[in-house]
Structure formats: C-alpha cells, structure tokens
Amino acid sequence: MNLFDILGPVMVGPSSSHTAGAVRIGNLGRKLLKEEPVRADILLHGSFATTGVGHGTDCALIAGLLGMRPDDMRISDSFRIAKDRGLSFTFTNKTLKDAHPNTAVLSLYGKSGQHIEVQAASIGGGRVMVHKLDGIEVDFSAEMPTLVVYNLDRPGYVSEVADLLANHKINIATMHLYRDKRGGYGVMVMETDQPIPEDALRSLERMRGVRKVIFINTEV
Amino acid sequence: MAFDSLQTIVEACGREGKGFWQIVMEDDMREREVSWQDSRNEMYHIWDAMLLAAATYDAGLTSKSGLVGGDGAKMEAYQKQQGEDSFCGEYMCGVIAGALQMGESNACMKRIVAAPTAGACGVLPAVLVPYFHKRGCSLDQILEALYVAAGIGQVIALRSSISGAAGGCQAEIGSASAMAAGALVHLKQGSPEQIIHAAAMALKNLLGLVCDPVAGLVEVPCVKRNVVGAVNAMASADMALAGITSRIPPDQVIDAMKEIGDNMGAAFRETALGGLANTQTAHDIARKLNGDGSGPGQA
Ligand code: SF4
C-alpha cells in the first residue's frame, strides 16, 4: 500500500468498495468491450445485491460504463446521462456460486455489435479483480497495462506472442493462460511494463488462431 | 519499503536529523520512484480535494436511504448562535460541524478523500481545515502534517488494518483519529516522539470499537463517529503536547488493535449483523429499504 492508498483516493462516496470499486468495474467493462456500450445487463451478487442501492453501486457501475472515473461528480446522475448517451441497462440480483461478496457480472453490447461478459469483484479500498471473461475463469486487476488475447489452444502460440512483443521492446511482467473448461480456446492475460503500440496490436490480431485482442492501457 | 513501525520512523528522525514528515515523504519518493516535487504535488492534490469537499457541503442533500443529511448545518448554526457558551466552545463546535458535514457529503455521493477510508473521511479535514482557516498556518505546514498522518496510517495498515471489514471501526475511525492526532502535534511543532504518542493515545481511546453500520450503509453510526474521531484527536494531541505519554509503546498499541480485530466476531466487522445494525429499528430500516421498490432499477 503506498502513501496515497492511505490518504486517498479522491472519490465520490459513500464506499470505496461499493462505489469507487464499482465505478472501476464499469470502466474495465467498457475497456474490455473496446467500444461505446449501448446495452448492459448486469447481475449483482452478495453484498452488491443487498446494500448496492444504498451505496449507489448501480449508478456507479453505469458511470464506469460511460467512462467516468471514481471521482466524477456526475456519478449519482449516471442513469440520466446513460439515457442521453443511448445506453440502456437492466439490473438483476443473483446469487452466484463461489463468488466474492462484492461481485458484478456485466453482459455488454457495443454500438457495432461487439459483445463481452465480464465478471469482476471489488476487493476493498477501491481495487478490483476480473474473475471471468466470457465464462472463462481469469484473474487480473488491470492495474498495469494488460493485454488479453483470445486464442485457439494450439502449440507454439505463446512463444509467437512473446516474440512479437519482444520485437516491439515490450517487457512482459506477468503472463497467465486460462483455458475454457469445455476446451477449444483459451485466454492469455499478460501484464506489460510498457503500453503496447497500435501496430503491435494489429499484428497480434492477424496472428493465426487469434480471435480477439484487447489492450487495457492504464495510462489513459 | 514502507515502515512497519512508528518507532523506526522516530529513530530515523533522530539519526538523520529530519522531521517525521520528511522521513515519510522520502520513503514515498523511494517507493514510487518520484521526485519530491511530484510527491508534494500529489499531496497538494489531496489537500485541495479536502478543502473543496469542505467548502461545497450541501445542507439540502439527504442520502439515498434518507437516513443522513443536514446535521452538519444544524451544528454550524448552533456554533454560531452559542459561540463560547457551548460546552465544547466555538472552535470545537466548528470541528464537530466539519466532521458531520464531510461524513454527510460522503453518504450523499459527493466527492471526498478517503482518509484512510471513505467512512472515516471526515476526521482529518475536520481538524485540519479550521486550523488552516482560523489559526493561519501555511500550506507547507498543512502538507507536512498530511505526510505525518499518512505515515502513521501506513504503519497501522501494515501492522494491523485500516478496514472495518477486517478490524472493526477501531481500524477506520480509530486509525483516522490516530493519524489526525499526529498531524495536529506536528502543526504545533511537537517532536517525533510526541507525534507517535498522540497517535497511540488516540488509538487506545477507540480500541474495541466495532463496525456495525445500519442496513450495511456507510451512514449510521459512521457520520457521527467521525466527530468522536476528530474530538479525540484534538484531546490526544493536546495531551501529548502537554508532555503526557502513552504508557504502552505506540507500536504495541497498534498490535493490540490487531489482536482485538482478529478476535472480533464477524457480526461486528461490517456485515451489518450485530450491534447497532442488529437493533429493532435497524431491522425496520433495512426492511423498508429493501422492500419499498427502491431495489435495483431499470432503464
Ligand atoms: S461503522 Fe464501519 S462502515 Fe461505519 S465508519 Fe465505522 S468502520 Fe466504517
């Protein structure tokens, strides 16, 4: 915990886990979708479901989906802003198996038809973790630049991706592979020391077997 | 690496001939690999957000549950009307009003600074903002005091906890009060020893405080507990400046807080199952909140 985790964050209240964390989850959902969301079907689990309304968890999630940050004064007004911006949404309380108490599942549709389902939890102090992507169990916080690659599970692809990044002088800090239990494809999540430039992302997308490439730049 | 002991910071002050705040700031520079200007700018940003939050309190707001709002304005009116005739005196009434106002702003979804948490966001500004306005101290002194506060909070976080879910309210309001007490001692040029003894006394006074938020919301008793955190910080700072020390060394007080938190039943750690949250009235409130159609909405 650095000094400004103690004094800070500057945030809209009332709760770092239920409000600030929820904004971050919404924001991550937006970045993972890679475009302006037009529809969001959201499941709330555990304490997000029971005390979410009083903590503004619902408007915080929508605020995040609209691209607001945890200190944005418009968070409590996000439902109205969503309407203006053409984002429709639903909330449903649902008890999930083996999920962190502050969990939300966002099923998101973008304006050009992109879709992603993100399960994420607010783990305290405004920090969040993504636990599932399109049903595949993952585990990342996106506190560092993070690359997510959906790919066919075939031999050799790990080193191909690593080579490509090395050619662009990008250091890989951590790398994890997650497999769909049903087999077929998996998700590769890498945290990198540097942001990944557009052209590298384009080359990744052109690689054989790659279905989708998402890059979360923490510096913007 | 952040300090895990208040005593170590005091020893570093003696060895290097530096102030408590300076040792903490230099540690931040090392830890985050930033210049002192960057570190100071960040702290200035924190202070600016506190000042702005204090100045933009809106007495007309109530929280979504309807439980909280307007008390800070009542206290301010009382302060103006009673002045020195009030039991706490003019100045202290202002501190109380400030603590209530910040707690209410947080509950009403306004922008605040978590210090160390959102629930305890009122304690530090309640004691620092009036001092800044009325006692005319410089911006630099305030920023130094904030480093002192943050340094104390960091040690508590490492040795024990600053989360109500882990350690009860002693870890939130108690920690905030300890941080504020140390900051106040610095503003009066107290020594590093006096800083950590003020923090220790403030924390001791709130040991055992449970986290029992009604209906699970950061409203009742949270808003008013910010008052006790602030008032207790001022009393502890004055005691330390008077030369009074904590008989139990400060680091051991923090360890005691951890032991108490570890042994606190889950009902008293933010689950809203015990204490005030388990009263008849709290149950009625919770039922009303969940059953009156204000559940998750659609659009
Ligand atoms: S009662 Fe719990 S939620 Fe409220 S301020 Fe204390 S620790 Fe925070």
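The values are calculated or read from the model by the stated rules, or taken from the named source; none is laboratory data. Small disclaimer: the values here were computed from a predicted structure and weren't measured. Note: ideal-geometry Cβ built from the backbone for every residue, glycine included; neighbour counts use all protein chains shown. Surface accessibility is based on the protein's heavy atoms, side chains included, excluding ligands, DNA and RNA. Shrake-Rupley method; radii C 1.70, N 1.55, O 1.52, S 1.80 Å.
There is at least one residue in the stretch A:205-217 that is surrounded by 15 or more Cβ atoms within 10 Å (Cβ to Cβ), more than 17 Å from the chain's Cα centre (by Cα) and of a type outside the set (F, W, Y).
For the stretch B:101-124, check the following and say yes or no: at least one residue is more than 14 Å from chain A (Cβ to nearest Cβ) and crowded, with 24+ Cβ neighbours inside 10 Å.
no
Of the helices (runs of 4 or more DSSP H) that lie entirely inside the stretch A:44-144, those containing 2 or more residues that are surrounded by fewer than 22 Cβ atoms within 10 Å (Cβ to Cβ) span A:78-85. B:R159 meets the conditions (1) surrounded by 24 or more Cβ atoms within 10 Å (Cβ to Cβ); (2) under 20 Å from A:L3 (Cβ atoms); (3) within 14 Å of another protein chain (Cβ to nearest Cβ) in every case but one. The failed one is (1). Of the set (1) within 12 Å of chain A (Cβ to nearest Cβ); (2) free of Cβ contacts under 8 Å to residues at least 24 places away in the same chain; (3) open to solvent by 50 Å² or more (accessible area, probe 1.4 Å), all apply to B:D85 but (1). Every condition in (1) more than 16 Å from B:I254 (Cβ to Cβ); (2) within 14 Å of another protein chain (Cβ to nearest Cβ) holds for B:M234 except the one numbered (2).
Within the stretch B:42-82, restricting attention to residues that are among the polar types (S, T, N, Q) and open to solvent by less than 70 Å² (accessible area, probe 1.4 Å), the residue that is farthest from the other protein chains (Cβ to nearest Cβ) is B:Q82. If you check A:G29 against the conditions, is it more than 10 Å from every other protein chain (Cβ to nearest Cβ), out of contact with any strand residue (DSSP E or B) (no Cβ under 8 Å at 6 or more places or on another chain) and not in a loop (DSSP other than H, G, I, E, B)? So A:G29 does not fit the description; no.
When you look at A:A162, is it assigned to a helix (DSSP H, G or I) and surrounded by fewer than 16 Cβ atoms within 10 Å (Cβ to Cβ), yes or no? Yes; evaluated as a whole, the condition is true for this residue. Taken together, the criteria exclude B:I162 from residues that are within 16 Å of the ligand (Cβ to nearest atom) and over 30 Å from B:V10 (Cα atoms). Residue selection: B:G119 fails the criterion of being small (G, A, S), in contact with a helix residue (DSSP H, G or I) (Cβ under 8 Å, 6 or more places away or on another chain), assigned to a helix (DSSP H, G or I) and touching a residue at least 12 places away in the same chain (Cβ under 8 Å). Of the residues A:H55, A:H18, A:H115, only one is at pLDDT below 95, within 17 Å of the chain's Cα centre (by Cα) and not assigned by TED's automatic domain parsing to the domain that holds A:Y150; which? The unique qualifying residue is A:H18.
Scan the stretch B:29-72 for residues that are touching a residue at least 60 places away in the same chain (Cβ under 8 Å) and of a type outside the set (F, W, Y) and report the count. Number of matching residues: 14.
Residues that are in contact with a Leu (Cβ under 6 Å, 6 or more places away or on another chain), open to solvent by 10 Å² or more (accessible area, probe 1.4 Å) and away from the ligand (no atom under 16 Å from the Cβ) within the stretch B:188-238 comprise B:K188, B:G190, listed in sequence order.
Okay, residues lined up against (1) in contact (Cβ under 8 Å) with a residue 24 or more places away in the chain; (2) farther than 17 Å from A:E117 by Cα:
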residue	(1), (2)
A:L177	no, yes
A:D180	yes, no
A:V189	yes, no
A:P195	yes, yes
A:E198	no, yes
A:M207	yes, yes
A:V210	yes, yes
A:I214	yes, no
A:N217	yes, yes
